[in-house]
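The values are calculated or read from the model by the stated rules, or taken from the named source; none is laboratory data. Owing to the predicted nature of the structure, the values given are computational and were not obtained by experimental measurement. Cβ: placed from backbone, ideal geometry, glycine included. Neighbour counts: every protein chain shown. Note: accessible area is taken over every heavy atom of the protein model, side chains too, but ligands, DNA and RNA are not part of it. Shrake-Rupley method; radii C 1.70, N 1.55, O 1.52, S 1.80 Å.
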Amino acid sequence: MDLFQREKPGAGFRGIPESRPRAFRRNRETVSGRRENREREKQIIVFRKTFSFTGTGGDAAVTSKDPDTAEKGYEFLDFSAARRPEDRFTGTAGWNPSETGTAKSAVWRNSVCGVESTAKGMPLRFRAAVPKNGVYAVTVTVRGGENGVRGLNLYTNRRNLVRRDIAVEPGENFTCRFFVPVCEYIPVVGRPPKQDRAVYVSVLGEPARLSSVRVETASSPTLFLGGDSLVTDYDGLYPYNPLINGGSWGQNLLQYFDGLAVSNQAHGGLTTDCFRDDGHWDIVCRNLRPGDVFMMEFGHNDQKRRSLKPFGRYAANLRRYVREVRRRGAYPVLVTPMSRIPGRDEDGWYDLLEDYARSCHWVGAELHVPVIDLHAYSFHVMTRAGVDACGDYFIDTTHTNDYGALVAARFLAREIRRQAIEPLCEKLNTVSGAPWVPDVSLRPQGAVSSARKEEKPILPTDLPGLPYADCRGIRQLDGLKEAMANGLLDPCIKFFHPFDAIPRGQFLYLLFKAVKVPRKRPYQGRYCDIYKYEFDAQYVQAALDEELIDETTTPDDCFRPDDALTGGELLSFLVRSLHQPGQRNLDLFTCERQAGSLGLIWEGYESNAPVNRADCAVALVRRMNVSREECDALPGPESGTKK
């Protein structure tokens, strides 16, 4: 099904105001940006090099078989890597072997038209070193030759899509000029920023062919992107399959612009706090210039933190980014968080990010910032198409594949034009066509529909070490490594805050990673302090359904989601989950006694004192390691009451 044909642009839902084009056309505080850009365009070119792959011309004639070209600062990247590296982008052009793929070394050939990749789904990748950070103009030429080229897709740097579906007729040439920012980036969580001073060009097609590449220093405004896994760059896995390959709108925006560079500093797992705390915002600040743009989408991870409520610290963080961008003479743009595949209850379709979308609108209206309502658009598109059709555009209930990423990116480009958001609007082109219609024949045999898959981190959890900078040398370190390996912890953030208390509501999200339950259902309204459409509500309902909540801890019909979880409450959840349904009505004293017999009590345990995040995670690991035999030997509630 073609989701894009079912779009209903422009309308909000559940009271979200529509975007207001005229009010948001420009930031008046940054009028000096254009003058600064004109000055930058006058810079003298200090680096220019043309690489010819046809055997003649250029500053360097390169073939696929030339030895030692890497030492000269340029090379075609081979397929000798046997596995996906921890750093997925440095030296790879954003392409890595899939888990099922095999290393290949001889898939190139030289011809009078250039260098070609002859294996289906295998990208041809070229790397050219550059002398310093900055913006570079890249000109790519592809000759059609005798038979022409079909279905060619052109990418740069971390698999950022430049042009797609290129057809080069026999005897014709295709030439494309675009701009690439070279600056530091954080490819691995917990590591310092990486300086990869190189420009990458890669192509997929039948055949994947490059005839020449020219790289030269240049000047253009840069669109900086901030956000989470809905925005970040995803590596392509070869042999390429767009149905199962993750993708984002962030890495698909460049195709819609001429004369604009795009620097994607987004990273999976980030909140409006983490983007700043983990060092990504520092990179933006070091490189942001007057006349540039900073576009941000946050919310998916903010809503998992009780401290980042939509009209509280989340909104405050958005305001702070807006003001800091404007102080640098640049333009801020807000994007509301893309809807997950929606759920449905007796009141109709719903998504749990609505309040975060509303918050973006209120901040935008307050500070006169353009707002692109990706949330309302994606919600309407998916509810009209139906859940099953959505699965062709996602890799799980949250993250898009390359098909879904193209749909979202095209919507953003259309909204930039509709709202006349400058200076982006004047850089839009008319080249790219409609998004791809998913080829469902590419779905692996026996694969579950992505519409039914639970959200997972976009990075693997089988890491050689913890990425958390604040956990080195602590006594819980080994237990935290095991928690990471078991999928309990987030591999996408730099700071874990191991000694902070964990709110009761947030704890349930962690609990149900360790304790598997039947499919969660919408919240039924048991407690006064839980809002039906907040993120934690589904987990509160699951805890109720599974009889995991001790009613003595929820006085006055209040779950107390923001209160710190105590040691005794943690043991109650853990021990109850080890019993069979119907046998879980155990008081706190009984749970504490049984936890002691199972080795679940940690050093420094106090029943009524808050438990820190590190001890909580380690206790969950110990609970996962309790055997079925140990569970069966536990006494039930009739024999476990306090005497």
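Couple of notes before you dig in:
- Overall, the anisotropy analysis places the range 512-553 in the oblate class: the square-rooted eigenvalues a ≥ b ≥ c of its C-alpha gyration tensor yield a/c not less than 1.5, with a/b not exceeding b/c.
- Across the alpha-carbon atoms of the range 317-457, the computed radius of gyration and Dmax are 17.0, 53 angstrom.
- Distance between the 7 Å Cα→Cβ label points at Ser607 and Ala129: 6.7 nm.
- Projected label distance in nm at Lys120 and Ser597, using a 7 Å step from Cα toward the beta-carbon: 6.1 nm
- Stretched out straight at 0.36 nm per residue, the stretch from Arg48 to Ser449 would grow longer than its current Cα-Cα span by 139.5 nm.
- Legend: residue pairs Lys120/Lys427; Lys481/Lys516; Lys456/Lys481; Lys309/Lys481; Lys453/Lys520, Cα-Cα distance threshold 22 Å; pairs beyond threshold, Lys120/Lys427; Lys309/Lys481.
- Å² per residue, accessible surface of the range 434-494 at 1.4 Å: 53 Å²
- Extension gain for the segment Cys425 to Lys304, taken as residue separation times 0.36 nm less the Cα-Cα distance, is 40.2 nm to one decimal.
- The order of the peptides 511-520, 174-183, 255-264 by mean Cβ neighbours within 10 Å, most packed first, is 255-264, 174-183, 511-520.
- Convex hull of Cα atoms in the range 555-643, direction-averaged projection (nm²): 6.5 nm²
- Nearest-20 debye value, the range 317-417 charge dipole, Cβ charges on Lys, Arg, Asp, Glu: 860 debye
- In this structure, Arg418 and Trp362 have a Cβ-Cβ separation that, at R0 = 25 Å, corresponds to a calculated FRET efficiency of about 0.75.
- Label zone at Ile244, where the point sits 7 Å out along the Cα-to-Cβ direction: the range 53-85 residues whose backbone N lies under 20 Å: 81-85
- Relative contact order for the chain, counting Cα pairs under 8 Å that sit 6 or more residues apart, in percent: 13 percent
- Projected label distance in nm at Thr56 and Lys194, using a 7 Å step from Cα toward the beta-carbon: 3.9 nm
- Partners of Lys194 within straight-line reach, counting aspartates and glutamates whose Cα lies under 16 Å from its Cα and excluding those fewer than 8 residues away in the same chain: Glu86, Asp87, Glu184, Asp233, Asp278, Asp282.
- R0 of 30 Å, Cβ-Cβ distance Glu172-Arg83: FRET efficiency to nearest 0.05: 0.15
- Ordering of 431-440, 291-300, 487-496 by packing [mean C-beta count within 10 Å, highest first]: 291-300, 487-496, 431-440
- Alpha-carbon gyration tensor eigenvalues x 5, square-rooted, for the range 488-560, Å: 22, 15, 12
- By average C-beta atoms within 10 angstrom, highest first, the peptides 110-122, 219-231: 219-231, 110-122
- Qualifying trypsin sites (Lys or Arg not before Pro) in the range 50-90, DSSP loop, other Cβ atoms within 10 Å at most 14: Lys65, Arg83
- D (Stokes-Einstein, µm²/s), Kirkwood Cα radius, the range 289-331, 1.306 mPa s at 10 °C: 141 µm²/s
- Rounded if a/c under 1.5, otherwise prolate or oblate - the chain, Cα gyration tensor axes: prolate
- Given charges at Cβ of Lys, Arg, Asp, Glu: the range 537-597 dipole, positive-most of Ala595, Thr554, Val540: Ala595
- With a Förster radius of 25 Å applied to the C-beta separation of Glu346 and Asp557, the computed FRET efficiency comes to 0.75.
- Portion, in percent, of the accessible area of the chain that falls on carbon or sulfur, probe 1.4 Å: 47 percent
- Probe 1.4 Å, accessible area per residue of the range 496-643, Å²: 45 Å²
- Translational diffusion of the range 453-525, estimated by Stokes-Einstein from the Kirkwood radius over alpha carbon pairs at 4 °C in a medium of 1.567 mPa s, is 94 µm² per second.
- Dividing the summed helix terms, -39500 (n - 2.57) for each DSSP H run of n ≥ 4, by the number of residues in the chain produces a 222 nm estimate of -7000 deg cm²/dmol to the nearest 500.
- For the range 219-279, the relative contact order is 49 percent, taking Cα pairs closer than 8 Å that sit 6 or more residues apart in sequence and dividing their mean separation by the residue count.
- Per residue, the range 351-393 exposes 23 Å² of solvent-accessible protein surface, assessed with a 1.4 angstrom probe and all protein chains in place.
- Shape category assigned to the range 200-339 from the gyration tensor of Cα positions, a/c cut at 1.5: oblate
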